[in-house]
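Have a look at the structure below, then the notes.
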Amino acid sequence: VDRVTTPALHIAGALDPYTHPAESLQFHRALTERGVASVFAIYPTEAHGVRSYQAAIDLSTRIIDWFEAHMPPG
């Protein structure tokens, strides 16, 4: 974490059996404490990936917003 400078978008499913969401939250907090731009989103009814329509729309919006903020066109 002490060498990370790239903005990060962390997505986690609360029911993920493979990657516990607390790991993403811990990384997010460490980055924000260092002043690195970081966004954390947890989907309470999702596991390892988003499957519901509403979660997919929200995730797509977050990804587009992140790219517009950190990698704008032109």
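Okay, here's what the table says:
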| item | result |
| --- | --- |
| Whole-number percent relative contact order across the chain, with pairs defined as alpha carbons under 8 Å at least 6 apart | 36 percent |
| 222 nm mean residue ellipticity, helices alone, for the chain (DSSP H n ≥ 4; -39,500 (n - 2.57); rounded to 500) | -14000 deg cm²/dmol |
| E23 - accessible surface, heavy atoms, 1.4 Å probe, Å² rounded to 10 | 110 Å² |
| Accessible surface of the chain [probe 1.4 Å, protein heavy atoms]: carbon and sulfur percent | 56 percent |
| Accessible area (Å², 1.4 Å probe, nearest 10) - S24 | 20 Å² |
| For the stretch 30-74 and the stretch 1-16, distance of Cα centres in Å | 9 Å |
| Heavy-atom accessible area per residue - the chain, 1.4 Å, Å² | 72 Å² |
| Dipole magnitude of the stretch 5-59 about its Cα centre (Cβ charges: Lys, Arg +1; Asp, Glu -1), debye to nearest 20 | 100 debye |
| With DNA, RNA and ligands ignored, accessible area of T19 (1.4 Å probe; Å², nearest 10) | 60 Å² |
| D_trans [Stokes-Einstein, Kirkwood Rh over alpha-carbon pairs] for the stretch 31-74, 25 °C, 0.890 mPa s, µm² s⁻¹ | 203 µm²/s |
| Label-point gap, in nm, between Q26 and T6 - each point 7 angstrom along Cα→Cβ | 2.1 nm |
| Among (i) 53; (ii) 44; (iii) 48, the entry derived from the coordinates for percent of Cα pairs over 16 Å apart | (i) |
| V36, V1, reordered so the largest accessible area comes first (probe 1.4 Å) | V1, V36 |
| Sites Y18 and I57 - FRET efficiency at Förster radius 30 Å, r taken between beta-carbons, to 0.05 | 0.80 |
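The values are calculated or read from the model by the stated rules, or taken from the named source; none is laboratory data. Predicted model, so just to flag it, every value in this text is computed and none were measured. Every residue, glycine as well, gets a Cβ built from its backbone with ideal geometry; the counts of neighbours run over all protein chains shown. Protein only, heavy atoms only, side chains kept; ligands, DNA and RNA dropped before computing areas. Shrake-Rupley method; radii C 1.70, N 1.55, O 1.52, S 1.80 Å.
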